[in-house]
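These notes concern the structure reproduced below.
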Amino acid sequence: MAKIIDGKAVSAMIKESVAQQTKELVSSGIKPKLAVVIVGDDSASRVYVNNKKKACEVVGFESVEYALSKDTTQEELLKLIEKLNNDKSVNGILCQLPLPKQIDEEAIITAISPLKDVDAFHAENVGHIMIGNYTFLPCTPAGVMELLKSENIEIEGKNCVIIGRSNIVGKPMSMLLLQKNGTVTICHSKTKNLKEITKSADILVAAIGVAKFVTADMIKPGAVVIDVGMNRDENGKLCGDVDFDDVKQTASYITPVPGGVGPMTIAMLMQNTLMAAKKQNNIN
Ligand code: NAP
């Protein structure tokens, strides 16, 4: 039976450390500030934004929300981004995705100053990650790395398989595992013989967006299974990309949904915002 990696506990420790460092910053007159932009009324985005604002409060940051109507034009959003880029009191800018279809997400991501890009989605920050010389790491893959570290899971020389190649999860995840000397394979919807590949994984990261996609017959006994997915099952209950009850019998470690990668993403966002505030104030 797999050991469950407790993302809530690990994320609480990271937030505690961020809160301590924030106290020191505040005593020297600097209060980190995160600007959160939400466009439209997507209910999942609303929950994510509320959770991020709540986390800011917990660690002692200031947060300011810009809730724009679903009809907002790209030009209007770009104007707001420019204003936030130029606002010295704002250290981090987060534009909640997805954006309504009249807005080109890439254009918005590119408009955010790389110094305030606490999601690490800007091409400049992505490039730094490729090279291995970065300030910000994208929150979800960085959170996965912290979970592996929390259990002293060795990455070097291990077969690491990622299902999913999105810009925000799969691709950067592959870079971070590679930097730790894992042997990395990325799978996607066109991958042939997926099961054969996943069965070779010592560490399997599922970032697919399909409820309970990964089943025990896809797992090598003793594998570490990290579930990034956030889906609803047939009863509307939150679940991951991994069939948890099935896979936990075969894996050595597994992350639950909820309570695994999700809370880590928010903790890493707090860490990035703190780092942004320090950098912008020339503090190491
Ligand atoms: P995405 O952009 O939709 O990417 C999904 C990836 O899965 C794509 O690369 C796709 O392949 C691949 N895929 C889909 N069906 C597949 C199949 N049958 N076999 C193999 N690969 C398949 O999703 P994402 O943004 O990376 O998110 C993935 C999941 O993580 C979602 O459930 C999302 O809600 C969740 N998520 C959670 C957090 C968190 O904080 N916990 C953060 C971000 C995302 P193609 O490229 O070929 O289409």
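General remarks:
- The chain: angle of helix 170-179 to the longest principal axis, Cα-based, in degrees nearest 10: 80 degrees
- Mean projection area, nm², convex hull over Cα of region 157-249: 5.9 nm²
- In nm, spacing of pseudo-spin labels at E154 and V47 (7 Å Cα→C-beta vector): 3.9 nm
- Accessible surface of H128 - all protein chains present, 1.4 Å probe, nearest 10 Å²: 60 Å²
- Calculated P(r) tail over 20 Å for region 207-284, as whole % of Cα pairs: 43 percent
- Accessible surface calculations at 1.4 Å, restricted to protein heavy atoms, place the chain at 48 Å² per residue.
- Shape category assigned to region 31-100 from the gyration tensor of Cα positions, a/c cut at 1.5: oblate
- In the complete set of protein chains, residue-level accessible area for E75 is approximately 130 Å², probe 1.4 angstrom.
- Remark: for residue pairs K101/K278; K53/K158; K54/K199; K53/K149; K79/K149; K3/K31, the C-alpha separation exceeds 32 Å in K101/K278; K53/K158; K54/K199; K79/K149; K3/K31.
- With Rh defined as the Kirkwood radius, the inverse of the mean 1/r over Cα pairs, the Rg/Rh of the chain is 0.97.
- 0 to 90° range, to nearest 10: angle between helix 43-59 axis and the chain longest Cα axis: 70 degrees
- Sulfur and carbon atoms: percent of accessible area, region 139-284 [1.4 Å]: 49 percent
- Kirkwood hydrodynamic radius over Cα pairs of region 74-182, then Stokes diffusion coefficient at 4 °C and 1.567 mPa s, in µm²/s: 85 µm²/s
- Efficiency of FRET from Cβ geometry, N167 and K70, R₀ 22 Å, rounded to 0.05: 0.40
- C239 accessible area, 1.4 Å probe, all protein chains in place, Å² to nearest 10: 10 Å²
- Of the residues M145, M230, M1, ranked by 1.4 Å probe accessible area with the largest first, the sequence reads M1, M230, M145.
- Unit charges on C-beta of K, R, D, E only; dipole of the chain, Debye: 360 debye
- Percent of Cα-Cα distances greater than 17 Å, calculated over region 1-132: 64 percent
- Rounded to 5, percent antiparallel among DSSP beta bridges of the chain: 5 percent
- Extension gain, E196 back to Q102 (0.36 nm per residue minus Cα-Cα distance, nm): 29.8 nm
The values are calculated or read from the model by the stated rules, or taken from the named source; none is laboratory data. Owing to the predicted nature of the structure, the values given are computational and were not obtained by experimental measurement. Here Cβ is always computed from backbone atoms with ideal geometry, including for glycine, and neighbour counts include all displayed protein chains. The area values use the complete protein model at the heavy-atom level, side chains included, leaving out ligands, DNA and RNA. Shrake-Rupley method; radii C 1.70, N 1.55, O 1.52, S 1.80 Å.
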